[in-house]
Each structure stands twice: as C-alpha cells, then as structure tokens.
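Report on the structure given below.
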Amino acid sequence: MSLSLVSNAHLDDISAKIRSKPVPWEGYQRAELVTSEELALIKKVDRQPRAKVESIHLSDGQTYALLYLRLLKKLQRVDTMQCLLVLIADALLDHDERIPLFARAAQSDPDLPYAPLLRTLEAQDDFVQLKSAQILTVLLSSESTPLQHQHLQPFLKVLSSLVQSQSQNKRDVAVQCLESLLARPECRRAVWAIPGILAGFVEILRHKPGPQMSYQVIFCIWLLSFEQDVAEQINKKYDIIPLLITVAQAAVKEKVIRVIIATFSNLITKAPSENLPAMLVAQLLPFSKNLSTRKWSDEDILEDVQYVRDELERNFESLTTYDEYMSELASGHLSWTPVHESDAFWRENASRLNDRDYEQLKTLIALLGSDDPVVLAVAVHDLGQYVKHYERGKKIITDLGGKARAMELMTHPDPDVRYHALLSVQELVSHPWSAV
C-alpha cells in the first residue's frame with residue numbers, strides 16, 4: 001500500500017505551502033511541551049531541503065517516526081499538526097519500507113501510531129482531517145492482522161461524512177481511502193454496517209461524475225459485492241442495478257464498463273435469485289447482448305459480459321409472465337410493459353396478489369407514494385385491474401389504505417396519473433360491497 005494511492009492535487013498544493021511555514025518549536029520547549037532532545041531532532045528537518053530530510057530519514061528513520069507521532073500526540077495547534085502530518089506523509093511517500101517504522105512505535109507507547117491520527121482526523125481544519133485520512137489509510141491497509149474495531153470504526157465514521165460532503169476534495173480523498181481499505185474483508189463488513197457510505201456512493205453516481213470518480217466509486221462497490229450479505233441486499237436497499245446500467249450506457253471509458261460488468265457477475269454468482277429478476281426488469285439482457293458484440297482491448301470484459309448475458313438468457317426463458325410482473329413490482333420501476341394492459345393476464349393472476357398475506361398487493365399500494373409519475377400511473381392502473389378481476393379486493397384495498405391514496409391521485413399534477421386514478425376509483429366504488 002503506497003501513499004501515492006491516495007493522491008489529491010489540492011492536498012499537494014497546501015502541503016507545499018506548509019513545508020515553508022515556521023512553527024514555534026522553541027516556544028514549545030520554553031513551555032515545556034517539547035524536550036530539548038525533541039527540539040534538536042525536529043530542527044534538523046524543519047523547513048530543510050527535501051534531499052537533506054531524505055538522508056536523515058534514511059539514517060535515522062525509526063527515531064523520526066517515533067518523534068513525529070509523539071509530537072502529534074501532545075501538540076494541538078493547527079499549524080503544528082499540519083507541519084507534523086506533512087513530515088509523516090513525506091517520510092512515507094514512495095517509501096513503503098518505512099511503514100513498519102510507524103507501526104513499531106506501539107512498542108514504546110501503545111497509543112501509537114493510531115490514537116494521535118484518529119484525534120487529528122476529528123480536527124476542524126480540512127487539511128488536517130484529509131491528511132490524517134491519507135496517512136491512516138496507508139498504515140491500516142498495511143497491517144498484517146485484522147484491523148481492530150477501535151481503530152477502524154471511528155475512521156469509517158469520518159469517511160462516511162466525507163463521502164457525503166458537498167466538497168469535491170473531501171469526496172475524492174474519502175473514496176480513494178475506501179478503495180484501499182475495502183480490499184480487506186473486515187473493512188467490507190464494517191463499511192456495509194454504516195449505511196451513509198453506500199448512500200454517499202449512490203449520490204455521487206447519480207450526479208454523473210467524471211470517468212475516474214465513477215470508476216473509483218464502482219470499484220468500491222465491486223469490492224463490497226464479494227460479501228454474501230452485500231450481494232443479497234445491495235439492490236433491495238440501494239436500487240444499484242438500474243443505476244449501474246445507466247452509468248455503463250453513458251460510459252466512454254472501457255474500465256468503467258469493465259468494473260460494472262464484474263460487479264454484475266459477482267451479484268449473479270453470489271445471489272442469483274435476489275439480482276437476476278431486477279437485472280431483467282432493468283433491461284440488462286439487451287444491453288449485455290449489445291456489449292458482447294463490441295471490440296474490447298481487455299479480454300476479461302468479454303468473458304464477464306458473456307457470463308452475465310448467458311445467465312440472464314437462461315433465467316429469462318424460465319420466467320412466466322407473472323414472475324416478470326413480480327420482478328417489476330419488486331424493483332419498484334413500473335413502466336407500461338405489456339402485462340399491465342393484458343386482460344388475460346389480470347383474469348388469470350389478480351388473486352395471486354393476495355398470496356403470503358397480500359405481500360404483492362402491499363408492494364403495489366406502497367408504489368402509490370412514488371415520485372415518478374409513470375410509476376404512479378401504472379401502479380394506480382394496476383390497482384383498478386386487480387379490483388376489476390377480483391371483486392372481493394375492494395375492502396382489502398380500502399383497509400390497506402389504497403383507496404384513499406388512489407382518490408388523492410385524482411388531483412395529481414400529471415394528467416396521465418389523474419386519468420388512471422379516476423378509472424381505478426370508478427372500479428373501487430362502482431359496485432356494492434361483496435361479503436368478504
């Protein structure tokens with residue numbers, strides 16, 4: 001794990017300015033915050049040319065790793081924390097062999113290396129926070145044993161807020177940190193337990209970022225999809241399949257499509273019954289057929305594309321129209337597919353919406369709260385079809401709150417929604433109640 005894996009031009013610019021800023025080290029010694037030995041050591045590297053600092057790190061690396069961490073632990077002024085974080089990052093940049101020097105600091109003080117860095121991570125100063133995140137990622141990613149809860153948890157909480165931030169630099173650094181950490185299974189499980197991180201990823205993708213940010217966010221999602229729980233629940237919780245298809249359709253870079261298809265391949269392998277129906281509803285089959293005819297520079301893509309296409313085809317052939325309808329209902333993405341307007345379909349299947357304590361009917365009624373006018377129009381139309389072909393359903397729909405909601409939709413701003421709501425309400429009130 002190299003420090004260069006979390007790189008950000010904005011942080012580099014500020015670091016350059018901090019290297020030349022004076023820090024009142026002598027004042028700290030007078031206040032007895034710094035010993036005379038510590039002062040002598042820090043003066044050798046403070047605002048010195050890069051080559052000189054490098055040679056000191058080369059000959060005396062362990063002493064300086066310990067020094068920087070000890071000073072960071074006891075000094076809390078922002079400019080001082082900035083300076084120490086830059087010194088630590090400079091020592092680590094392009095020198096992975098120095099990571100153990102910082103890890104070994106624990107032998108002389110069990111709080112090191114993590115406690116001071118987790119404290120600076122909470123600083124109000126943006127640079128201090130992001131530089132701490134960069135260094136923590138390097139140290140944690142290099143640990144040879146599973147990460148301890150008390151180190152990982154507070155870090156992930158901060159990354160969760162950064163990934164949801166309005167600031168592009170904060171999002172950029174957080175996504176890169178997560179990209180490194182998620183290679184570790186214990187990090188994947190911990191990230192999945194913090195809903196804000198996935199919600200942040202989805203939000204970033206919805207705002208159509210550039211190809212690099214898209215790739216990095218989806219790379220994180222791909223790493224998460226190796227976990228069974230994630231593969232089973234991610235689409236249900238975050239509606240990720242239609243979103244990734246939209247990103248892939250607009251993608252110009254091959255690597256973005258590659259990581260999306262690899263994610264789909266994982267989701268199918270680990271949790272086919274949870275993901276294949278949603279993929280069919282989102283029209284991944286025609287898209288994967290189209291992708292399989294393209295020329296790719298990377299042969300792995302074609303292998304994944306063919307696997308996804310073949311699995312979808314096999315699943316599609318065994319789908320009944322009712323399976324198709326249930327998949328569409330479960331995805332929440334109702335559209336005017338042929339089943340909705342087929343009298344034969346409703347005659348045959350209306351009563352099946354009552355199965356498992358009206359599970360599908362409740363899902364349909366819940367969609368009457370959608371923000372999408374097409375979903376609303378189709379859902380309220382389906383409610384009318386259900387009642388038309390299952391007379392005893394009127395009381396059930398009323399009891400479940402569907403009738404009141406359908407009546408509200410008669411005044412919806414969208415004319416199509418109003419029209420279908422009117423037809424459904426006519427069905428709901430047209431006949432006398434039947435005994436249930």
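Numerical summary
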| item | result |
| --- | --- |
| Residue in region 313-320 that is crowded, with 21+ Cβ neighbours inside 10 Å and either β-branched (Val, Ile, Thr) or in contact (Cβ under 8 Å) with a residue 60 or more places away in the chain (or both) present | no |
| Some residue of region 71-89 being over 21 Å from Trp25 (Cβ atoms) and in a helix (DSSP H, G or I) | no |
| Single unsatisfied condition, Tyr307 versus (1) in a helix (DSSP H, G or I); (2) more than 22 Å from Pro185 (Cβ to Cβ); (3) open to solvent by less than 60 Å² (accessible area, probe 1.4 Å) | (3) |
| Selected residue [of a type in the set (A, V, I, L, M), farther than 25 Å from Gln228 by Cβ and open to solvent by 50 Å² or more (accessible area, probe 1.4 Å)] from Leu291, Leu302, Leu334 | Leu302 |
| Leading residue by the ranking (most open to solvent (accessible area, probe 1.4 Å)) among those in region 73-110 that are of a type in the set (Asp, Glu) and under 25 Å from Asp13 (Cβ atoms) | Asp94 |
| Test set (1) among the polar types (S, T, N, Q); (2) open to solvent by 10 Å² or more (accessible area, probe 1.4 Å); (3) in contact (Cβ under 8 Å) with a residue 40 or more places away in the chain - Thr145 fails condition number | (3) |
| First in region 407-431 and in contact (Cβ under 8 Å) with a residue 12 or more places away in the chain and farther than 11 Å from Lys388 by Cα, second anywhere and open to solvent by 40 Å² or more (accessible area, probe 1.4 Å) and outside any helix (DSSP H, G or I), Cβ under 8 Å, 6 or more apart | Ala421/His412 |
| Any pair with Cβ under 7 angstrom, 6 or more apart, that starts in region 370-395 at a residue that is closer than 13 Å to Asn354 by Cα and ends at one that is open to solvent by 50 Å² or more (accessible area, probe 1.4 Å) and small (Gly, Ala, Ser) | Tyr390/Ser351 |
| Residue within region 225-239 that is under 22 Å from Ala251 (Cα atoms) and not in a helix (DSSP H, G or I) present | yes |
| Total residues in region 191-224, condition free of Cβ contacts under 8 Å to residues at least 40 places away in the same chain, of a type in the set (Gly, Ala, Ser) and not in a loop (DSSP other than H, G, I, E, B) | 2 |
| Residue in region 398-410 that is in contact with a Phe, Trp or Tyr (Cβ under 9 Å, 6 or more places away or on another chain), of a type in the set (A, V, I, L, M, F, W, C) and either modelled with pLDDT of 95 or more or not in a helix (DSSP H, G or I) (or both) present | yes |
| Filtered residues of region 172-227 (kept if surrounded by fewer than 18 Cβ atoms within 10 Å (Cβ to Cβ), among the small types (Gly, Ala, Ser) and within 19 Å of Pro154 (Cα to Cα)) | Ala183, Ala193, Gly196, Ala199 |
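The values are calculated or read from the model by the stated rules, or taken from the named source; none is laboratory data. As the structure is a computational prediction, the values presented were derived from the model and not from experiment. We place every Cβ from the backbone using ideal geometry, glycine too, and count neighbours over all the protein chains shown. Just so you know, the surface numbers come from the protein's heavy atoms only, side chains and all, with ligands and any DNA or RNA stripped out. Shrake-Rupley method; radii C 1.70, N 1.55, O 1.52, S 1.80 Å.
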